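The values are calculated or read from the model by the stated rules, or taken from the named source; none is laboratory data. As the structure is a prediction and not an experimental result, all values here were calculated from the model. Here Cβ is always computed from backbone atoms with ideal geometry, including for glycine, and neighbour counts include all displayed protein chains. Only protein heavy atoms, including side chains, enter the accessible area calculation; ligands, DNA and RNA are left aside. Shrake-Rupley method; radii C 1.70, N 1.55, O 1.52, S 1.80 Å.
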Amino acid sequence: MFIFIFLAAFAAVSLVGWIIFALTHPVVAGQGLLIFFCKAAGVIALITAIGFWIGQGFTQSIPGFLFMAGFFVAANKLEARWRSW
């Protein structure tokens, strides 16, 4: 139970910090948010793929791994495009 409370507190502090950063640096924050969403979608796809692998077998998890790779490649390309971030 402690881990859930810790994660919720961490998310709240991170959100407040992100809001302050977005108010002071709106363009950079938008770029960073897009990169963050790509990475978050990749992590969600990874967790889903591992779940399918454990529950149903490797062949059922291949699409999840492909989505994960696609999201991480997109995030890396965005980071390479916006070097200042």
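Assorted remarks:
- Some residue of the range 1-20 being outside any helix (DSSP H, G or I), under 26 Å from K77 (Cα atoms) and either open to solvent by 50 Å² or more (accessible area, probe 1.4 Å) or free of Cβ contacts under 8 Å to residues at least 12 places away in the same chain (or both): no
- Each residue in the range 18-56 was checked for being over 17 Å from the mean Cα position of the chain (by Cα) and small (G, A, S), and 3 pass.
- Applying the condition of being open to solvent by 70 Å² or more (accessible area, probe 1.4 Å) and not in a helix (DSSP H, G or I) to the range 27-85 and asking which residue is farthest from V16 (Cα to Cα) yields R83.
- Residues that are over 22 Å from N76 (Cβ atoms) and of a type in the set (A, V, I, L, M) within the range 21-31 comprise A22, L23, listed in sequence order.
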